[in-house]
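See below for the structure under consideration.
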Amino acid sequence: MLIVQKYGGSSVGSVERIQSVAQRVLKTAQDHQVVVVVSAMGKTTDQLVSLAQQISATPNRREMDMLLSTGEQVSIALLSMALQELGQPAISLTGAQVGIVTEAEHTRARILSIETQRMERHLNQGQVVVVAGFQGVSSQDDLEITTLGRGGSDTSAVALAAALKADVCEIYTDVPGILTTDPRLVPNAQLMAEITCDEMLELASLGAKVLHPRAVEIARNYGVSLVVRSSWTDDPGTKVIAPKPQPRPLEGLELARPVDGVEFDTNQAAVSLLRIPDRPGIAAKLFGGIAVQNLDVDLIIQSIHEGNSNDITFTVERDYFTKAIAVADALLPALGKPNHSDLGNAEVTGDDTPIAKVSIVGAGMIGRPKVASQMFNTLAEAGINIQMISTSEVKVSCVIAAEDCQQAVTALCQSFEISSDCKITSNFELEKPPVDPSLPPVRGVALDIKQARLAIRHIPDRPGMAAKIFSILADHNISVDMIIQSQRCHQINGILARDIAFTVAQGDADEAEKILTQASSELGYSEIIVNKSIAKVSVVGSGMIHHPGVAAKMFEALANRNINILMIATSEIKISCLVDEDQGVEALKAVHEIFELSGDKTFIVPERAPVA
Ligand code: ADP
Ligand code: ASP
Ligand code: MG
């Protein structure tokens, strides 16, 4: 049996810790072949970054890789020595020595392939192989040292496990496993025994901390059995469950098809509440009413507000349309007039002209801005207008006219090379994933305070606009997280126009604003609004598919604390709300509490000491 073990920075933060890791490895090596992946000691990587910044505000990325890769080189050598001291033969190898071949993209390289011969030779000689995480070597003649991006040693470990066809990959860290949320923010967060890869990917915005999302992506694509455990105890930790993988080559490991399925649903209708006052509690009331009627809501979208009014749009199965309209209508008298004279009254709109939702699905979209823009481009080239957009980590969904659905699915399958033996699913055959009924509908909660929101106002309503906007961003390598386009159309100088809002990493916000402003006259939109002080709170769980009312409960938790929701986006297994940055932690705590995720144990995570 072959086991890959990865030890994070805190697990190898001192000589004593390296020695205790060596003890654990020794124990495993008595019955198994072991490949160990290690991170740099403690906060070494942060310290190296800070050294570079003292010399240059924008250090050369090649030199950054040269610098940062040294951190892991220290820990592999020390761990090998510690193993040898215990009488266990071991050898340390850098990423280049193993043959972890990556693209030449410095500081954010993706793994292309991994050579296994040398590792296998050492393993067969009874040695433990200790590999430097987070680094690789470019395939070009120059053999440049590359790094995978911060937190990337998880990705090295899972990629090695996939390449070596290891029986299990164990990630050892400073928490007992994956918890319902970050224990540094909510100390009574609870340990989960299991989580699916899709749930983990949706939690990625913050789960990224405990597990690099690209590691989950590889585990999902190659069916690696993955466990997250504590370095300090023998407790079993959390299993990250991969679905049965479709066969794929190990070549192009991290670059293989980012999209592995197309889904469509032609049985939906949309209801919108327009110009409702922008104050806490309205979404809670609306979806509370919907939950009382037991109507299954699919997409929920709340886009940017105009003055002090908001729009919320949601979709339901067509059979529920009339009931859903009635619930929304019943809410109107309670809303009152927004106190802005030219906004007029709140209004419910909805027609049951058939609409269709088409989605692309795949773990490979994270950090690849070109995927969403390719979807929008494909629809544009087919002359199909997009009425609504909602995205999550593993899915981009567009609402279009039902009559365009067949054409859209064909075009998307062609564009993303989804052949008939891969996944094309309609709502009629869409298998709802089997969910353990004993599990709560919400598994985990995450907070991301590192994003900024951009809103583009009054984009002409014609095919190709989203495609153009997101292609511009993708060309500048700006990754977009949450994209929302809502139903509402404005009449601007006789032209129909819509708004699109999306989030990007805070560090990319200024550049995104600049390049989109440059394109504004060509594309014909009027205004770009940037808000950097936002927080994104998300709830995730496969069980919410079968539980109407999860959204209502989340909104209620926020309303109870008087927290205003700035934007809403959903996927089947996730609901995300943007709130003011100052209220992020409070919102996280409120949501964690209302879903009763807290346990009776408290986790105090020790601060990571700098390496002396
Ligand atoms: P390592 O150095 O071992 O890679 P990281 O610091 O990268 O460790 O990741 C572990 C940290 O992730 C924990 O200390 C915790 O603060 C944070 N974290 C965030 N969300 C979660 C979560 N849902 N469950 C567990 N830990 C989490
Ligand atoms: N040492 C690297 C970092 O701090 C990689 C890792 O720890 O996963 O980002
Ligand atoms: Mg980590």
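Here are some notes:
- Just so you know, in the range 55-76 the residues that are surrounded by fewer than 14 Cβ atoms within 10 Å (Cβ to Cβ) and among the small types (Gly, Ala, Ser) include one that is nearest to the chain's Cα centre (by Cα), and it is 57.
- Within the range 115-170, tally of residues that are of a type in the set (A, V, I, L, M), within 16 Å of ligand 2 (Cβ to nearest atom) and farther than 23 Å from residue 24 by Cα: 2
- Picking from residues in the range 59-72 that are under 19 Å from residue 104 (Cα atoms) and not aliphatic (A, V, I, L, M), the one that is nearest to ligand 3 (Cβ to nearest atom) is 69.
- Residues that are among the β-branched types (Val, Ile, Thr), near ligand 1 (Cβ under 7 Å from one of its atoms) and within 15 Å of the chain's Cα centre (by Cα), drawn from the range 176-222: 181, 210
- Where a residue in the range 96-117 is on the phi > 0 side of the Ramachandran plot and crowded, with 16+ Cβ neighbours inside 10 Å and its partner, wherever it lies, is of a type outside the set (Val, Ile, Thr) and outside any loop (DSSP other than H, G, I, E, B), with Cβ under 7 Å and at least six apart: 99/118; 107/61; 107/64; 107/65
- Here the strands (runs of 3 or more DSSP E) wholly within the range 385-471 that include at least 1 residues being at pLDDT below 90 and touching a Leu at 6+ places or on another chain (Cβ under 6 Å) are 388-392.
- Condition check for residue 141: within 16 Å of ligand 1 (Cβ to nearest atom) and over 17 Å from residue 66 (Cβ atoms): no
- Selection status of residue 173, more than 22 Å from the chain's Cα centre (by Cα), within 15 Å of ligand 2 (Cβ to nearest atom) and at pLDDT 95 or above: no
- Single match in 215, 204, 132, 162 (criterion: away from ligand 3 (no atom under 16 Å from the Cβ) and either in contact (Cβ under 8 Å) with a residue 60 or more places away in the chain or over 26 Å from residue 23 (Cβ atoms) (or both)): 162
- Failed criterion for residue 286 (all others in (1) under 17 Å from residue 364 (Cα atoms); (2) more than 16 Å from ligand 2 (Cβ to nearest atom); (3) not small (Gly, Ala, Ser) hold): (1)
- Residue in the range 579-589 that is modelled with pLDDT of 90 or more and either assigned to a strand (DSSP E or B) or touching a Gly at 6+ places or on another chain (Cβ under 9 Å) (or both) present: yes
- Qualifying residues in the range 165-175 (those that are more than 9 Å from ligand 1 (Cβ to nearest atom) and closer than 12 Å to residue 239 by Cα) - the one surrounded by the fewest Cβ atoms within 10 Å (Cβ to Cβ): 168
- Qualifying residue in the range 229-252 (condition: farther than 30 Å from residue 26 by Cα and buried (at least 16 other Cβ atoms within 10 Å of the Cβ)): no
- Search result, residues across the range 1-50 that are of a type in the set (Asp, Glu) and either within 16 Å of ligand 1 (Cβ to nearest atom) or in contact with a Cys (Cβ under 8 Å, 6 or more places away or on another chain) (or both): 46
The values are calculated or read from the model by the stated rules, or taken from the named source; none is laboratory data. Since the model is a prediction, treat every value here as computed from it, not as a measurement. Don't worry about glycine lacking a Cβ; one is built from the backbone with ideal geometry, like all the others, and counts go over all protein chains shown.
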